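The values are calculated or read from the model by the stated rules, or taken from the named source; none is laboratory data. Being a predicted model, the structure only gives us computed values, none of them experimental. Virtual Cβ from ideal backbone geometry, glycine too; neighbours counted across all protein chains shown.
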Amino acid sequence: MCEDHRILSCSDIHGHVQAFRNVLRDAAWRPGSDALILLGDYVDRGPSPRAVVSELRVLLRCPGVVALRGNHEQMLADYLRGSISAARYLANGGGTTLDDYRHDPGDLARDAAFLEGLPTYHETEEYVFVHGGLLPGVAPEEQSERDLLWIREDFIAGYRGKTVVFGHTPTLNIDGSTEVYVGQDKIGIDTGVAYGGYLSLVEIPPGRIYRSRGDAMD
């Protein structure tokens with residue numbers, strides 16, 4: 001990549017494909033020059049999860065793109081194999097994903113396997129990128145998969161170390177705002193598009209932030 005490359009990161013797209021396209025366009029993302037690190041939760045809750053997964057497959061052909069797994073990708077895979085109940089999956093917004101794939105169950109199974117195969121964290125010299133967070137005092141490579149995907153309070157209250165860029169916990173639940181959260185050793189970028197907030201694409205270290213409202217539900 002070029003010396004002037006940027007690191008751009010986005011999380012918790014939740015089926016809002018047009019909002020995702022909007023922030024990439026507004027940021028003038030340069031494939032092959034800028035790194036693009038996506039932190040998971042592509043499916044569930046929002047209107048077009050299948051389109052987001054399709055977009056993700058295309059993006060991953062570009063150098064410098066990293067896509068991590070979120071807890072919603074894991075829940076989809078667990079639901080399809082019977083490890084969690086339909087009631088639990090639907091209570092967590094899975095109905096939009098099942099509806100979007102209702103005519104193509106084979107495609108749903110294939111996409112779920114693809115999503116479950118995504119890595120759970122990405123580390124650079126200065127940052128750790130992860131969906132949920134890190135258990136304090138445990139190296140990234142020694143973290144449990146559950147903590148990487150699901151942890152909230154223990155990470156936010158207690159973690160100290162290399163700066164972690166994370167999603168999963170909407171910033172509204174951290175500091176009461178829909179702005180990107182910048183705290184000690186932590187950068188929270190889930191600005192709540194699934195709950196009426198925004199989808200944010202953030203330059204790392206925090207510089208310019210590109211935001212879009214979510215897509216309308218059909």
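Quick grid of which residues meet (1) touching a Cys at 6+ places or on another chain (Cβ under 9 Å); (2) of a type in the set (A, V, I, L, M); (3) part of a strand (DSSP E or B); (4) surrounded by fewer than 20 Cβ atoms within 10 Å (Cβ to Cβ):
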| residue | (1), (2), (3), (4) |
| --- | --- |
| 111 | no, no, no, no |
| 134 | no, yes, no, no |
| 137 | no, no, no, yes |
| 200 | yes, no, yes, no |
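Looking across segment 96-134, the residues that are more than 17 Å from residue 68 (Cα to Cα) and in contact (Cβ under 8 Å) with a residue 24 or more places away in the chain come down to 96, 97, 100, 101, 107, 108, 109, 126.
Got at least one residue in segment 115-122 being more than 19 Å from the chain's Cα centre (by Cα) and either outside any strand (DSSP E or B) or at pLDDT 95 or above (or both)?
Within segment 115-122, not a single residue is more than 19 Å from the chain's Cα centre (by Cα) and either outside any strand (DSSP E or B) or at pLDDT 95 or above (or both).
A single member of 34, 44 is surrounded by 14 or more Cβ atoms within 10 Å (Cβ to Cβ), within 30 Å of residue 4 (Cβ to Cβ), in contact with a His (Cβ under 9 Å, 6 or more places away or on another chain) and charged (D, E, K, R), and it is 34.
Any idea which residue in segment 7-30 is surrounded by the most Cβ atoms within 10 Å (Cβ to Cβ), counting only those that are in contact with a helix residue (DSSP H, G or I) (Cβ under 8 Å, 6 or more places away or on another chain) and more than 15 Å from residue 192 (Cα to Cα)?
Step one: of segment 7-30, the residues in contact with a helix residue (DSSP H, G or I) (Cβ under 8 Å, 6 or more places away or on another chain) are 8, 10, 12-17, 19-21.
Adding the requirement that they be more than 15 Å from residue 192 (Cα to Cα) leaves 8, 21.
Numbers: 8: 24, 21: 15.
Residue satisfying both the conditions and the ranking: 8.
Yes/no per residue for (1) in contact with a Lys or Arg (Cβ under 9 Å, 6 or more places away or on another chain); (2) under 23 Å from residue 73 (Cβ atoms):
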residue	(1), (2)
129	no, yes
155	yes, yes
162	no, no
173	yes, yes
191	yes, yes
212	yes, yes
216	no, no
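For segment 181-198, how many residues meet the condition of being within 19 Å of residue 126 (Cβ to Cβ) and crowded, with 19+ Cβ neighbours inside 10 Å?
Matching residues across segment 181-198 total 5.
Hey, could you check segment 47-83 for residues that are charged (D, E, K, R) and within 17 Å of residue 119 (Cα to Cα) and say which is surrounded by the fewest Cβ atoms within 10 Å (Cβ to Cβ)?
So the residue we want is 61.
Annotation note: of 128, 202, 182, the sole residue that is over 18 Å from residue 13 (Cβ atoms), modelled with pLDDT of 95 or more, β-branched (Val, Ile, Thr) and within 15 Å of the chain's Cα centre (by Cα) is 128.
Among the residues of segment 48-95 satisfying the criterion of being in contact (Cβ under 8 Å) with a residue 60 or more places away in the chain and out of contact with any helix residue (DSSP H, G or I) (no Cβ under 6 Å at 6 or more places or on another chain), which is farthest from residue 121 (Cα to Cα)? Looking at residues that are in contact (Cβ under 8 Å) with a residue 60 or more places away in the chain and out of contact with any helix residue (DSSP H, G or I) (no Cβ under 6 Å at 6 or more places or on another chain), I get 93. Among residues of segment 139-159 that are under 19 Å from residue 184 (Cβ atoms) and in a helix (DSSP H, G or I), those with a Cβ under 8 angstrom from a residue that is modelled with pLDDT of 95 or more and of a type in the set (Asp, Glu), sequence gap 6+ or separate chain, pair up as 140/123; 155/147.
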